[in-house]
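First comes the structure, then the notes that go with it.
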Amino acid sequence: MTESVTEFRGRARAWLAENMPPLDPDKARALERDAPESWQRARELQKRLYDGGFAGICFPRDYGGLGLGYEYKKVFDAETAAYEMPLLLNVPSFAICCATILDMGSEAQKRTHIGAALRGDEVLVQLLSEPSGGSDLAGVITRAERRDGRWILNGAKTWSTWAFAADYGLCLARTDWAVPKHEGLTMFLLPLRHPGVTINRIKQVNGSVEFCEEFLDDVVLGDDAVVGEPGKGWDVASRQLYHERRTMGDGSEYTSGPGIADAEDISIDLLSLVEKAGGSERARERAGRALVHRAVHGQLAEHVFHAVVAGSLPPAAGSITRLSMAAVHDVETDTALAVAGSAAVVDDAAGLLDVGTRYLGRQAASIGGGTTEMARNVIGERVLNFPREYAADRGVPFNQVRRGRFS
């Protein structure tokens, strides 16, 4: 019989205290997401969770998880607040890629890759965006051609978060150019250490090199690499985007530990910042306003999650929490800069340069997981049932669609 939520929480509390390292706030804030060592550490911590019986709380038992409900995950997350956790593996590996494989993959893919990820043996990422594609995901031009019973992939992907640390990528490619763009796609599970795959890292203005670009040159894959069915890649991509949008809004049941909004190395400790900056009444008011936004977002994410599960909101409602997350992030980042003032741009004893560096990457929250403009479109068209926007290429065979000169 399944233990109660209360019993599970007590057992988790005791196990965490005995087996997981206490969280060092200074170390957490300094976590190098760009460093290979951080990823190796995350894999080691994930293996601890797996060996201790606390990995993949909401993933089915058949694939290495515990098969428990969302309420078990929530109490476990609350208990992990004081401990170092493998947060790097949450997004996109568990909450997006493994969740998509769970929904759309073959039985062999589920058993192989979800289990490996839960053990800390594999990391998965997304290979979606392309250099000439912009926000039109269905317009991908990376091609997969059928030759001698194999698939041959050629093309380029970009803005692939943490691909340098991953083992596999969910790669969307075009397999039929004579049908409309949404109908000629296939999703592949691509090994990133495969011959013909070249990965370069992209340096951002804030110094981060978390994003990568990939070049695929005659990459040979078998049918076992296809996720879903050939030509049905948009169905897989749509499900993947569903998981991505609600994950960006902290609405996934497949993560473990603090969510994006609460992670120490992402979320700004506004109360501590106010004290460092002098603790003026105006600064406290600003921080209070931002913290209220964060609290409201947490409640909204919970409401949307349960409404989608119950069927009172469609899956596309995940874009609501994704849009809310971006707004909260902007409020927090802007508030931090306003409180820190000029100290945010100087590396001095005040130690507030990190605030300014974070501000340089402010727009990432409005772009990652699909832009906020796209989220509004999804909400309008698929949640509120507004008329769809006009698209000149709708229903047109892709080989007849005019594209940029680089395609």
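The values are calculated or read from the model by the stated rules, or taken from the named source; none is laboratory data. Since the structure is predicted, the reported quantities are computational estimates derived from the model, not experimental observations. Counting neighbours? That spans all protein chains shown, and the Cβs are built from the backbone with ideal geometry, glycine included. Note: accessible area is taken over every heavy atom of the protein model, side chains too, but ligands, DNA and RNA are not part of it. Shrake-Rupley method; radii C 1.70, N 1.55, O 1.52, S 1.80 Å.
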- Query: Can you tell me how many residues in segment 161-190 are under 25 Å from ARG111 (Cα atoms) and open to solvent by less than 30 Å² (accessible area, probe 1.4 Å)?
  - Reply: 15
- Of all the residues that make up segment 331-342, how many are farther than 18 Å from ARG294 by Cα and crowded, with 19+ Cβ neighbours inside 10 Å? 1
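Output the number of residues of segment 289-312 satisfying the condition of being under 17 Å from GLY259 (Cβ atoms) and open to solvent by 80 Å² or more (accessible area, probe 1.4 Å).
The number of residues fulfilling the criteria is 4.
Filter segment 101-133 down to residues that are part of a loop (DSSP other than H, G, I, E, B) and of a type in the set (D, E, K, R) and give me whichever is surrounded by the fewest Cβ atoms within 10 Å (Cβ to Cβ).
So in segment 101-133, the residues part of a loop (DSSP other than H, G, I, E, B) come out as 105-106, 119-123, 128-133.
Subsequent filtering for residues that are of a type in the set (D, E, K, R) retains 119, 121-122, 130.
Numbers: ARG119: 17, ASP121: 14, GLU122: 20, GLU130: 23.
Out of the qualifying residues, it is ASP121.
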- Note on the structure: Picked from segment 383-400 (must be in contact with a strand residue (DSSP E or B) (Cβ under 9 Å, 6 or more places away or on another chain) and open to solvent by less than 90 Å² (accessible area, probe 1.4 Å)), the residue modelled with the lowest pLDDT is ASP393
- Task: Return yes or no: is ASP250 at pLDDT 90 or above and acidic (Asp, Glu)?
- Result: no
- If ILE57 satisfies every condition in (1) of a type in the set (Val, Ile, Thr); (2) loosely packed, with under 13 Cβ neighbours inside 10 Å; (3) in a loop (DSSP other than H, G, I, E, B) but one, which is the exception? (2)
- Sole miss for ARG322 among (1) surrounded by fewer than 19 Cβ atoms within 10 Å (Cβ to Cβ); (2) touching an Asp or Glu at 6+ places or on another chain (Cβ under 9 Å); (3) of a type outside the set (A, V, I, L, M, F, W, C); (4) not in a loop (DSSP other than H, G, I, E, B) is condition (1)
- Task: Of all residues in segment 147-176, count the ones that are aromatic (Phe, Trp, Tyr) and not in a strand (DSSP E or B).
- Result: 2
- Query: Here are some residues: ARG147, ARG143, ARG111, ARG119. Which one is closer than 30 Å to ASN19 by Cβ, of a type outside the set (Asp, Glu) and without any contact (Cβ under 8 Å) to a residue 60 or more places away in the chain?
  - Reply: ARG111
- On the given criteria, is SER267 in contact (Cβ under 8 Å) with a residue 40 or more places away in the chain, part of a loop (DSSP other than H, G, I, E, B) and touching a Pro at 6+ places or on another chain (Cβ under 9 Å)? yes
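Is it true that ALA144 is part of a strand (DSSP E or B), at pLDDT 95 or above and of a type in the set (Gly, Ala, Ser)?
yes
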- Hey, GLU37 hits all of (1) assigned to a helix (DSSP H, G or I); (2) open to solvent by 30 Å² or more (accessible area, probe 1.4 Å); (3) more than 30 Å from GLY207 (Cβ to Cβ) but one; which does it fall short on? (3)
- Can you tell me which residue within segment 191-235, out of those that are under 22 Å from the mean Cα position of the chain (by Cα) and charged (D, E, K, R), is surrounded by the fewest Cβ atoms within 10 Å (Cβ to Cβ)? ARG193
- For ARG286, are the conditions met, namely being at negative phi, of a type in the set (Lys, Arg) and buried (at least 23 other Cβ atoms within 10 Å of the Cβ)? no
